[in-house]
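The values are calculated or read from the model by the stated rules, or taken from the named source; none is laboratory data. The structure presented is a predicted model; accordingly, all values stated were derived computationally and were not measured. Using ideal geometry, Cβ is built from the backbone for each residue, glycine included, and neighbour counts are taken over all protein chains shown. When the accessible area is computed, the model is the full protein with side chains, heavy atoms only, and any ligands, DNA or RNA have been set aside. Shrake-Rupley method; radii C 1.70, N 1.55, O 1.52, S 1.80 Å.
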Amino acid sequence: GMSGGALHAEVERLVTAGLLQDRREGRNRLIRANTDSRFARALTELLTVSYGPQVVLAEEFTAVGEVELVVIYGSWARRYRGEAGKEPADVDVMVIGSPDRDDVYEAARRAERRLDLPVNPTVRSGAAWRQGSDPLVLTAKRDAVTVLGDADDEGGRG
């Protein structure tokens with residue numbers, strides 16, 4: 001909804017500030033984030049906290065009934081916690097409780113469209129989360145970034 005002139009002015013300001021880099025390829029001007037900027041990490045964190053998977057998944061899974069806990073695990077969670085590596089190609093989500101699986105998959109599809117990343121939901125019972133004998137639950141617990149619920153409550157009510 002922004003005019004071309006206004007967009008051009010904003011891009012110019014961000015290039016001048018060092019937040020974006022630009023280069024010409026023929027008549028095209030290519031713009032990208034300046035990841036070498038001292039502000040890049042802080043801005044990335046701010047955008048992730050404001051608009052990233054945690055926020056989107058919380059919004060989409062709030063309406064799913066019988067959910068005790070929702071966590072992100074896997075590569076996205078590890079990068080969020082600061083582990084170096086390639087940018088995650090997807091978001092792994094574990095839903096703890098006894099929700100309707102169709103509702104879970106629909107919430108994941110909505111989140112996927114908003115994030116433009118595949119969202120892979122897995123459902124486990126509260127008992128499976130608390131017992132921690134399921135290898136996937138153990139993996140999720142190791143990396144868990146809480147989206148909904150209280151991970152310290154060990155999966156809520158049951």
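Tell me, in nm to one decimal, what length is gained between R13 and L46 on full extension, where the rule is 0.36 nm per residue of separation less the Cα-Cα distance?
Values: separation 33, 0.36 × 33 = 11.88 nm, distance 1.95 nm.
Result for the pair: 9.9 nm of gain on full extension.
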To the nearest 10 square angstrom, what accessible area does L148 show with a 1.4 Å probe?
40 Å²
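Taking only protein heavy atoms and a 1.4 Å probe, what accessible area per residue, in Å², does the chain have with all protein chains in place? Please list the in-between numbers first.
Numbers: 9780 Å² over 158 residues.
Roughly 62 Å² per residue, with all protein chains present.
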Which one, T62, V147, V15, is farthest towards the positive end of the dipole of the chain when Lys and Arg carry +1 and Asp and Glu -1 on their Cβ?
V15
With a 1.4 Å probe and all protein chains kept in place, how much accessible area does Y80 have, in Å² rounded to the nearest 10?
90 Å²
Lys, Arg +1 and Asp, Glu -1 on Cβ, resulting dipole of region 83-158 about Cα centre, debye, nearest 20
100 debye
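Kindly provide the helix-only [θ] at 222 nm of the chain, computed as the sum of -39,500 (n - 2.57) over DSSP H runs of four or more divided by all residues, to the nearest 500 deg cm²/dmol? Present the calculation step by step, with values, prior to reporting the outcome.
Numbers: 7 runs with 70 residues, N = 158.
That calculation yields -13000 deg cm²/dmol at 222 nm.
Could you work out the equivalent-ellipsoid semi-axes for region 1-63, taking the square root of 5 times each eigenvalue of the Cα gyration tensor, largest first, in whole Å?
Working: eigenvalues 164, 52, 23 Å².
So the equivalent ellipsoid measures 29, 16, 11 Å along its semi-axes.
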Compute, for region 35-128, the length of the dipole vector about the Cα centre, with Cβ point charges of +1 (Lys, Arg) and -1 (Asp, Glu) only. Units Debye, rounded to 20.
400 debye
Those trypsin sites (Lys or Arg not before Pro) in region 52-108 that DSSP places in a loop and that have at most 12 other beta carbons within 10 Å:
R81, K86
Mind listing the Cα extents of region 67-119 along all three principal axes, in Å, largest one first?
36, 23, 11
Kindly sort T146, T44, T122 by accessible area of their heavy atoms, largest first, with the probe set to 1.4 Å.
T44, T146, T122
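Can you give the charge dipole size of the chain about its Cα centre, rounded to the nearest 20 debye, using +1 on the beta carbon of Lys and Arg and -1 on the beta carbon of Asp and Glu? Working shown, then result.
On the way: 22 positive and 26 negative charges, 167 e Å.
The dipole of the chain has a size of about 800 debye.
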Positive dipole terminus of the chain, leading residue within L43, V95, A108 (C-beta point charges):
L43
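Can you pull the percent of region 70-158's accessible area that's carbon plus sulfur, 1.4 Å probe, other chains left in place?
Values: 2100 of 4770 Å².
Using a 1.4 Å probe with all protein chains present, region 70-158 comes out at 44 percent carbon and sulfur.
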Sorted from largest down, give the three principal axis spans of the alpha carbons of region 89-153, whole angstrom values.
33, 25, 20
Structure-derived volume of the Cα convex hull per residue in Å³ - corresponding label in (1) 127; (2) 162; (3) 139
(3)
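Can you tell me the length gained on complete extension of the stretch A6 to D102, counting 0.36 nm per residue apart and subtracting the Cα distance? Don't skip to the end; give the middle numbers.
Working: separation 96, 0.36 × 96 = 34.56 nm, distance 4.36 nm.
Here the segment from A6 to D102 would lengthen by 30.2 nm.
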What nm distance separates the two modelled labels at A33 and D116, each placed 7 Å from Cα along Cα→Cβ?
1.2 nm
